[in-house]
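Just so it is clear, none of the values below were taken in a lab; they were calculated from the coordinates. Given the structure is predicted, the values throughout are model-derived calculations rather than measurements. Glycine gets a Cβ as well: all are built from the backbone with ideal geometry, and neighbour counts include every protein chain shown.
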């Protein structure tokens, strides 16, 4: 049996293998398609915000000097709506009715809210409360000057960012491309979910799991395949993945010590590392490069494959996609647990209503239903073989 | 000026208006499309997990009784791969080589890991360490019995849930339909983002903002429109929204005290409430029902529209979609703030590196760039007109 690599060393190695993916190509996407994407450069507004001087309230545009001593009655020269067109200049000693957002005419320098007025004689307005120059007037560029940056680079786009881009008159944004991933399940025992299973056959859970996990980590799946334990078929699918533009290939199965280890057989002669990591579940792991594309090989047990993705690949993909890392905590165990010396154990568990960590199911790497019923992983360090109830453990949110 | 409704009262009313949307119709979606959707019923596995007795390790299937006193040498009767087909029964006093996941033959009741063996004479295997009955054997149904629930109802589907469904041989799941929403911007001053703006015109930010906000809240947009201040056009778009299947109509603009209040003009005669809420920004608000569909009218100022959605509509939509509510906190102010008596102020702000709340931009409801630069709202209660630096305030994450 070959030496077992420490978990943190393997994690570092996978991270370094995926680091070049962080230098993303860029693409332009329409605002309607940009939610959750990451800006690739500073976004400049071609226009000032607001673009023109406009009223902050429904009321009357006036000269501040004309209303310095309220109450005062001014003839109403007309009405300005929030609508296309430039208003006529305001003559001294007059007021003009104005709607919120409507352009403040040249000559006016304050807006008196309608609440501070009442109708005067013969179509005039009585100003009950004076307003100083600038009051209730939004100056052009008071939110943002034309040509300034409305959004920074590296921003994960939320609705309010898209709103500011739209207000700037933009229709598309330059964002980072999503990482393109291929997911290949291996194993002669696998059938597509939904197909009848005969003796010795099981539905392939890893394809579904890894495709969803890649998406949840902000990347995109460009190729999927399920192959029997046949090197030629796997070879063809790896080529198809690279031809489809995959920047990262994930495989499951075929890397342990058995007789039909199709991934090992194919990639080990090409210089890949296929070995064992000091962890449970997920001991067998593989890393390599195929036609210039990083390949990460997970074990075939579905719990092992899912945890391997979460621990080794998701952190890099999430960081590239601007997503926060999985939450971690330190909780008291709800019950004692046992572990194996020399391997870091990732037990599946859930947070109890009183905030303790309770194991769910056993340590078996085939317990997919128990994993589905869990909401965290309980980390038992390599040197620990037993922990009592109440012991504090590190947990990782699923 | 009509009475101003308290914020919490308006929030309660909108929540009650949207409550019927919580009784969701259901739809079947393929596993690959189900990430993030909510299960509408318990999901039963038609098969046991695992479906047959299989090996947990690469090694040798044996009778536990034959290896009780190790070391012992057993003739190897063959090899069982993880592949389709049922293996022959294991004869007493023999071993069979077996791969992880392969069916354990009748007659065998334990698996000895390959690490605990070495090759024996004449094709036999030397068992170095005995294994008790059941060791390294996964019993059918040990993860989940056939016919049991593999997923509960009301679950927001993560990759591990889809994996368990796939392992159960399922290809689709019954989920809650997403809430179908229409978004209608009103205002003669609005042009589509990207179109040249003339005097008095601005790009429509509310359409983009509300479409993205609806999606971020887990709902789906089925109709969008941008209409000038013309009642007949708005009427036609409301009909188009309902005809498109909208279960909720959101409008922006046209509900304040001005002369061209197109939403007010149309819906007030139909019995809708158009009034004022004691808050800043976002004072003008409207609620009604159009052809049986709830209609929520927001003010046209883009900051007001976005905050109104976040405060009044997002909580209901997020709850229906199984999303957590917006995060809240209580932080010390980084600088003093002023407010207006009688209205709850929602100042835009951000969390400083040392965890205080720092206002961003002013209180103006047109400051879309300042909102984009913010990551929280600072709540100043109705009765407060000034808060000093260091005062504790409630904050709401954006």
Rounded to the nearest Å, the spacing of the alpha-carbon centers of region A:135-181 and region B:330-349 is 25 Å
Cut-off 18 Å, label point 7 angstrom out along Cα-to-Cβ of residue B:146: give me the residues of region B:31-51 whose amide nitrogen falls inside. B:44-51
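Report, in cubic angstrom per residue, the convex hull volume of the C-alpha atoms of region B:188-319. Please report the intermediate quantities before stating the final value.
Working: hull volume 14.5 nm³, N = 132.
Hull volume over Cα atoms, normalised by residue count, gives 110 Å³.
Quick check on chain B: take the gyration tensor over C-alpha atoms, sort the square-rooted eigenvalues as a ≥ b ≥ c, and tell me if it's rounded (a/c under 1.5), prolate or oblate. Show your work: numbers first, answer last.
Working: a/c = 3.84, a/b = 2.54, b/c = 1.51.
It is prolate, given that a/c is not under 1.5 and a/b is the larger ratio.
Using DSSP, restrict attention to beta bridges with both residues in the protein assembly as shown and report what percent are antiparallel, rounded to the nearest 5.
Of all bridge pairs located within the protein assembly as shown, approximately 70 percent are antiparallel.
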Label-to-label distances across copies for residue B:199, with labels 7 Å out along Cα→Cβ, in nm, shortest first? 8.9
Largest fluctuation, B:162, B:333, B:74 only, Gaussian network model of chain B with Cα springs under 10 angstrom, belongs to B:74
Where does region A:328-397 land on Rg(C-alpha)/(2.2 N^0.38 Å)? 0.99
Using Stokes-Einstein with the Kirkwood hydrodynamic radius over Cα pairs, what translational diffusion coefficient do you get for the protein assembly as shown at 20 °C and a viscosity of 1.002 mPa s, in µm²/s rounded to a whole number? 72 µm²/s
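Per residue, how much space in cubic angstrom lies within the convex hull of the C-alpha atoms of region B:10-76?
228 Å³
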Mind giving me the nanometre distance, one decimal, between the label points for residue B:228 and residue A:265, set 7 Å out from Cα along Cα→Cβ? 7.3 nm
Distance from region B:202-272 to region B:1-68 (C-alpha centre basis), Å: 33 Å
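So for B:133, A:114, fewest C-beta neighbours within 10 Å to most, what's the order? Provide the component values of the computation, followed by the final result.
Numbers: B:133 12, A:114 19.
Placing the least packed residue first, the sequence is B:133, A:114.
Return the equivalent ellipsoid semi-axes of region A:124-212 as a descending list in whole Å, where each equals the square root of 5 times an eigenvalue of the C-alpha gyration tensor. Before the final figure, lay out each step's value.
Details: eigenvalues 753, 62, 15 Å².
The answer is 61, 18, 9 Å, longest axis first.
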Once the Cα atoms of helix B:7-18 and of chain B are each reduced to a long axis, what angle between those two axes, in degrees from 0 to 90 to the nearest 10, is obtained? 60 degrees
Place the label 7 angstrom along Cα→C-beta at residue A:154 and in each other copy, then list the distances from the first to the rest in nm, shortest first. 4.1
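Note the per residue figure in Å³ for the convex hull of the C-alpha positions in region A:157-266. The partial results should precede the final answer.
Details: hull volume 13.7 nm³, N = 110.
Roughly 124 Å³ of hull volume per residue.
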Sorting A:312, B:52 on the 10 Å Cβ count, fewest up front, what's the list? B:52, A:312
Per the Kirkwood treatment, what hydrodynamic radius in Å, one decimal, follows for region A:54-138 from the mean inverse distance over all distinct Cα pairs? 12.0 Å
Have a look at A:122, A:310, A:164 and tell me which one the Gaussian network model of chain A (Cα, springs below 10 Å) gives the largest fluctuation. A:122
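Viscosity 1.306 mPa s, temperature 10 °C: what is the translational diffusion coefficient of region A:240-382 from Stokes-Einstein with a Kirkwood Rh over Cα pairs, rounded to a whole number of µm²/s?
Values: Rh = 16.5 Å.
Once the numbers are plugged in, D ends up at 96 µm²/s.
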Rank A:264, A:351, A:30 by mean-square fluctuation in a GNM of chain A with C-alpha springs under 10 angstrom and give only the top-ranked residue. A:30
Working out 0.36 nm times the residue gap between residue A:121 and residue A:386, then minus their Cα-Cα distance, what length gain in nm do you get to one decimal? 86.3 nm
Contour minus end-to-end for residue B:69 and residue B:354, with contour as 0.36 nm per residue of separation and end-to-end as the Cα-Cα distance? 96.0 nm
Any chance you could give the angle, 0 to 90 degrees and rounded to 10, that helix B:231-243 forms with the longest Cα principal axis of chain B? 20 degrees
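If you rank B:66, B:388 by fewest surrounding Cβ atoms within 10 Å, what's the result? Walk me through the numbers on the way to the answer.
Numbers: B:66 20, B:388 9.
Ascending number of Cβ neighbours within 10 Å: B:388, B:66.
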Between residue A:244 and residue B:129, Cβ-based FRET efficiency (R0 45 Å, step 0.05) works out to 0.45
Where a label projected 7 Å from the Cα of residue A:375 along Cα→Cβ would reach, residues of region B:20-46 with amide N under 17 Å: B:36-39
One can check that the equivalent ellipsoid of region B:39-100, built from the alpha-carbon gyration tensor with semi-axes equal to the square roots of five times its eigenvalues, has lengths in Å, largest first, of 32, 13, 10
How much of the DSSP bridge set in region A:328-397 is antiparallel, in percent, rounded to the nearest 5? 95 percent
How far apart, in nm, are two points set 7 Å out from the Cα along the Cα-to-Cβ line at residue B:335 and at residue A:41? 3.2 nm
Using a 7 Å offset from the Cα along the Cα-to-Cβ direction at both residue A:3 and residue A:291, what is the distance between the two label points in nm, to one decimal? 3.4 nm
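So what is the relative contact order for region B:270-323, in percent, with contacts set as C-alpha pairs under 8 Å and at least six apart? Intermediate results must be reported in sequence, preceding the final value.
On the way: 57 pairs, mean separation 13.1, N = 54.
Contact order relative to length: 24 percent.
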Principal axes of region A:176-217: Cα extent on each, largest first, Å: 46, 16, 11
